[in-house]
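Okay, structure first, notes after.
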Amino acid sequence: MQEVQHVFLVGAKGIGFYGGYETFVYKLTEYHQNNEKIKYHIACKANGQGCMDEKKLENIKKINRNEFEFHNAHCFKVRVNEKLKSAQAIAYDIDSLKKCIEIIKIQRIEHPIVYIMACRIGLWIRKYYQEIKKLGGKIYLNPDGHEWMRTKWFILVRKYWKFSERLMVKNADLIICDSLNIEKYIKEIYGKQINTTYIAYGSETRKSKLLDDDLKFLNWLKEKKLKKGQYYLSVGRFVPENNYEIMIREFMKSNTNKDFVIITMTDTRFLKKLEAKLHFKSDQRIKFVGTVYDQELLMKIRENAYANFHGHEVGGTNPSLLEALGSTKLNLLYNVGFNREVAKNTALYWTKEEGNLAQLINRVDKMEFLEIEEIGKKAKMRVVEGYTWDKICRMYEEAFLCLNKII
């Protein structure tokens, strides 16, 4: 009988959202769903903001109220105390680890790998590391992209994230960095002896399965009052460090007649703050259109955008950037090292300087068709050469299976 490597994924809120980890979990399990050498177990947030709603996924197999199977992966829900506010993320990861250990014991799983995404539970990691080690397991860690820099956190919380990062890195068997910049940072700050490897996020390079005249796409355009090729697009988590304020402010200053379509799961408080500052509701070009869970439809929307905005400034190789490079010809990126590492010369860049992005919008609004086509070809080739999901998932298969030489 062939040995199976059990891999527990901790840190994502679920599968198939707009967050980086959620996208990663979706694609990893999709590409490995017929891989008989690996069995995935995925912690999913049961309640609160961004919780897992498996009803939005197709072809799930319900096990019970708190468990289901998707892409042949075992998914289990973990409830969080919503009164904890900023500490919710910590409690969620700790309770997820407890559940992982419970499953390992009940199923008598040998040599499990617990892959933790983000460095939130540093004060508690030693305890769980020792417990998992006693069970014959290993802890792998994705350190994310400087969680301690995220502006949504208060200063004391950010100091904790930095301290937690140190403890997490020191107590992991392998650090998987999704950015060369992150790997370099880990080595420089915590020592060259730290065991690291580089595996980026991935992207699709194919076109959407939906045709140009598909009613699903045409009805979506009609419902949102949009026209093909006549909108700028942004897809991502609705958080301050993704620079929505700057993108909206600068778009409002620009002279373009096109729309700015924002696909995201909005946070009411943040939305109210932006409206109070920018009064964007008075500009009919700014359109928050909600979420799009249909991956083929989302890909079609990207393909037909005039250009894509990417304002992320914290993180490694961001999935929404790769997906945009693979689908949208013209990409306008915030000028930060992570984004330049990925896109290089296949995109145009903007800064936070007032008027900078507005000027760029005015310029690209007048670009010739052939120039846009050429940039789009270069962007897609960049993804093909280094970021296909097929390549990334094969690298993860090697990282997971080489532990016990299952390959």
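The values are calculated or read from the model by the stated rules, or taken from the named source; none is laboratory data. These figures come from a predicted structure and were not determined experimentally. As a convention, Cβ positions derive from the backbone with ideal geometry for all residues, glycine included, and neighbour counts pool all protein chains shown. In case anyone asks, the SASA skips ligands and DNA or RNA and just uses the protein heavy atoms, side chains included. Shrake-Rupley method; radii C 1.70, N 1.55, O 1.52, S 1.80 Å.
Accessible surface computed residue by residue for the chain, with neighbouring protein chains in place and a 1.4 Å probe, gives 47 Å² per residue. Ranking Q130, L360, T197 by how far each Cα lies toward the positive end of the dipole of the chain (charges on Cβ) leaves Q130 at the top. As a fraction of the 1.4 Å probe accessible area of region 1-136, surface on carbon and sulfur atoms comes out at 46 percent.
For the chain, the residue among C393, C44, S86 whose Cα projects farthest onto the positive side of the dipole built from Cβ charges is S86. For the chain, the residue among V7, W161, N142 whose Cα projects farthest onto the positive side of the dipole built from Cβ charges is W161. Entry note, the chain: relative contact order of 15 percent, from Cα contacts under 8 Å with a spacing of 6+ residues.
With θ taken as phi - 60° and the Karplus curve 6.51 cos²θ - 1.76 cosθ + 1.60 applied, the whole-hertz 3J(HN,Hα) list for region 267-278 is 9, 4, 5, 5, 4, 5, 5, 5, 5, 5, 7, 10 Hz, x standing for glycine and proline. To put it simply, the accessible area of region 266-407 at a 1.4 Å probe is 50 percent carbon and sulfur. Only the Cβ atoms of Lys and Arg (+1) and of Asp and Glu (-1) were treated as charged; on that basis the dipole of region 1-127 about its Cα centre amounts to roughly 480 debye. The angle between the Cα long axis of helix 215-224 and the longest principal axis of the Cα atoms of the chain comes to about 70 degrees, rounded to the nearest 10. Working note: Karplus 6.51/-1.76/1.60 with θ = phi - 60° gives region 297-307 the couplings 5, 4, 5, 5, 4, 5, 4, 9, 6, 5, 7 Hz, where Gly and Pro are set to x. In order along region 116-122, the Karplus-derived 3J(HN,Hα) couplings, from 6.51 cos²θ - 1.76 cosθ + 1.60 at θ = phi - 60°, round to 9, 9, 5, 9, 9, 10, x Hz, and Gly and Pro are given as x. From its DSSP helices (H runs of at least four residues, each -39,500 (n - 2.57)), the chain gives a residue-normalised ellipticity at 222 nm of -13000 deg cm²/dmol. Surface composition of region 162-201: carbon plus sulfur atoms hold 53% of the accessible area, using a 1.4 angstrom probe and ignoring ligands, DNA and RNA.
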